[in-house]
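First the structure, in the form of structure tokens, and then the observations on it.
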Amino acid sequence: MRQSELFIKTFKQDPKDEVFPGIKFLRRGGFVGKVGAGIYNYLPLGKRVLDKIEAIVRQGMKELGGVEILMPALQPSENWKKTGRWDGLDILYKIKSRAKQDFALGPTHEEIVVPLVKEFLSSYRDLPVYLYQIQTKFRDEPRARSGLVRAKEFIMKDLYSFHRDEKDMDDYYEKAGEVYKKIFTQIGLKTIQTKASGGTFSKFSDEFQAVSETGEDTVYFCKKCVLGINKEIFEGKCLECGDEKLDEFKTIEVGNIFKLKTKYSEAFDLKIKDADGSFKTVLMGCYGIGISRAMGAVAEIFNDKNGLLWPEGIAPFKFHLLNLSKNAKRAEKIYRDLQNSNIEVLYDDREEKSAGEKLVEADLLGLPYRLVTSDKLKEGEIELRKRGEKEVKIVLIEELLSKNF
């Protein structure tokens, strides 16, 4: 992609209406634009990051046997009244149609997915079922001041599982936890699997928390058990070994998994006929990952004084090619060669920008590797620098094309 053709504008000053460094850099770098508190546009570079995260998540859902669907954001109030959440959920956006019908803008989709599945289930032979979607959600957040980490409109992956018995539910829950760890590692986030309140569903749920100084959650971590405990349920010691000497971290929650059991299936009378002829209420689990929140968390965790430092797995481009030569002929050839080798590259071909401006912007955007062509280099050579490192290497272009550098 040529930078001159990319819909992007960078800014030298931090936006005054943001608190944390990650979202400041995302806006300064032209990844996102702010519409209002907790509401953002995703611009070309930011959209590429989201697409990379979604691809990793979809691969994880494939491993879990998930089938992708897409459910509506606009949801009838009747469904929410059946579960008691129309009046019981304070973050619910409620709207009224011209025909005076009440609707909710979905913050989650239990009220939609259960009636959907009910249409398809009749026997135990129809189970288990695993359905997921990646969709825009809406929550009336009272503290929408953390950029993408706590937004009013956001993108989330939610998976819902339906089971015949508790063993099947428990086995799938454990498998989901392992797949989640893998997903976040691929995104570039080191997460702590954290025990949290299970609410009205079960004793515990599991959160996946990424350590960050800007995080709103507090997690106590037991090194012996490799277990986190959310501050909200912390009783002064590890839940497994009883150790009282635990590390304390500020964190950002990027995913969670719940055993819903029969809470929502009972509300919609979701039952199946079992092998013995009796009717049983279907058991459920739900599994969420904040797609846009993960992007925001990465930005908050991976930055320095100059800008962002994208993990390679989700960076919008792997290489940032800067032409600092008077003649762009060499850079043009390198750009074409990289593209022909299916190597992702953003080419700063802008003639009106000075060398200094290009170098500063490259650090702000934070792509994993910076490539520089200049008149001081020999034919076939290029300057390579990994973002976040001081060392600059002179490498052969052939090494880049062979991905051996």
I need the peptides 219-226, 51-58 ranked by packing, meaning the mean over residues of other C-beta atoms within 10 angstrom, with the highest value on top. 51-58, 219-226
Show me 152-158, 277-283 ranked by packing, highest mean number of other Cβ atoms within 10 Å first. 152-158, 277-283
Could you work out the equivalent-ellipsoid semi-axes for the chain, taking the square root of 5 times each eigenvalue of the Cα gyration tensor, largest first, in whole Å? 44, 23, 22
Among all the aspartates and glutamates, which ones have a C-alpha under 18 Å from K24's C-alpha, if same-chain residues fewer than 8 places away are not counted? D14, E213, E216, E300, D304, E361, D363
Step through the table entries K34/K190; K353/K393; K329/K390; K47/K280; K62/K259; K326/K393, compare each Cα-Cα distance with 32 Å, and write down the pairs that go over it. K47/K280
Using a Förster distance of 22 angstrom, determine the FRET efficiency expected from the C-beta separation of S374 and I343, and round it to 0.05. 0.60
Roughly how many whole Å is it from the C-alpha centroid of region 22-84 to that of region 248-324? 10 Å
Karplus (6.51, -1.76, 1.60) ³J(HN,Hα), θ = phi - 60°, over region 86-95, in Hz, Gly and Pro reported as x: 4, 9, x, 10, 6, 8, 7, 7, 10, 9
Antiparallel DSSP bridges in region 168-294: what percent, to the nearest 5? 95 percent
With Cα coordinates, the longest principal axis of the chain makes an angle with the long axis of helix 355-365, in degrees rounded to 10, of 10 degrees
Where a Cα-Cα gap under 17 Å defines reach, which lysines qualify for K94, not counting those fewer than 8 residues away within the same chain? K81, K82, K137, K152
Can you give me the P(r) profile for region 317-401? Cα pairs, bins 5 angstrom wide beginning at 0, each as a whole percent. 3, 15, 30, 28, 20, 5, 0
What whole-number distance in Å separates the alpha-carbon centres of region 108-171 and region 336-355? 41 Å
Of all the Cα-Cα pairs you can form in region 250-405, what percent are over 20 Å apart? 62 percent
Based on the mean of other Cβ atoms within 10 Å per residue, sort peptides 382-392, 104-114 so the most packed one is first. 104-114, 382-392
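Coordinate-derived values only; no laboratory data. None of these values were measured; they are calculated from a predicted model. Positions of Cβ are generated from backbone atoms using ideal geometry, with glycine treated the same way; all protein chains shown enter the neighbour counts.
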